[in-house]
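A.B. asks: Got a structure here, written out as structure tokens. Questions coming.
The values are calculated or read from the model by the stated rules, or taken from the named source; none is laboratory data. Please read all numbers here as calculations on a predicted model, not as lab measurements. Heads up, the Cβs are rebuilt from the backbone with ideal geometry, glycines too, and the neighbour counts pull from every protein chain shown. Accessible surface areas use protein heavy atoms only, side chains included; no ligands, DNA or RNA. Shrake-Rupley method; radii C 1.70, N 1.55, O 1.52, S 1.80 Å.
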Amino acid sequence: QEQLVESGGGLVQPGGSMRLSCVASGYAFSAFNMAWFRQTPGKWREQIAHITNRELTSYADSVKGRFFISRDNNKDTVYLQMNDVKPEDTGVYYCKRPIGNLWGQGTQVTVSS
């Protein structure tokens, strides 16, 4: 069974950092591109970071220079390092395998003092 499981969310203060993890199972993780999405209150779910199977990365303008996506194929895991977080980064963060439209269950990130 193909599955993605996120972890690492929680409460973080503005200006702080947090790292999200997404562990894949049930398929050949290293062969696939991966992405992080987030859904903030009242907005569509948006893609914020993408990494190819060759580790080429791209970012939404809203997070560029602050968030960084990476992967560890030995651990079947994709990460999202979030730095200098802002209150508007609050939302539910999802990892996704674009091919096959495979989603994780999401993890809540709240940025507040």
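A.B. asks: Of (1) loosely packed, with under 14 Cβ neighbours inside 10 Å; (2) touching a Leu at 6+ places or on another chain (Cβ under 9 Å); (3) without any contact (Cβ under 8 Å) to a residue 24 or more places away in the chain, GLU2 satisfies all except one. Which?
C.D. replies: Just one mismatch for GLU2, condition (3).
A.B. asks: Let me ask something else. Suppose we filter ASP72, ASP89, ASP76 for residues that are among the acidic types (Asp, Glu), at pLDDT 95 or above and within 28 Å of SER112 (Cα to Cα); which single one remains?
C.D. replies: ASP89
A.B. asks: Are there any pairs, at least 6 apart or on different chains, whose C-beta atoms fall under 6 Å, with the first in region 81-94 and closer than 14 Å to GLN13 by Cβ and the second hydroxyl-bearing (Ser, Thr, Tyr) and open to solvent by 30 Å² or more (accessible area, probe 1.4 Å), and if so, which?
C.D. replies: ASN83/SER17; THR90/THR110
A.B. asks: So the check is Cβ under 7 Å with 6+ separation or different chains; which pairs have a first residue in region 63-79 that's over 14 Å from ALA31 (Cβ atoms) and a second one that's open to solvent by 30 Å² or more (accessible area, probe 1.4 Å) and basic (Lys, Arg)?
C.D. replies: Qualifying pairs under 7 Å: TYR79/ARG19.
A.B. asks: Looking at TYR59 and the list (1) at pLDDT 95 or above; (2) surrounded by 13 or more Cβ atoms within 10 Å (Cβ to Cβ); (3) within 17 Å of THR110 (Cα to Cα), which single condition is not satisfied?
C.D. replies: With (1) at pLDDT 95 or above; (2) surrounded by 13 or more Cβ atoms within 10 Å (Cβ to Cβ); (3) within 17 Å of THR110 (Cα to Cα) applied to TYR59, the lone miss is (3).
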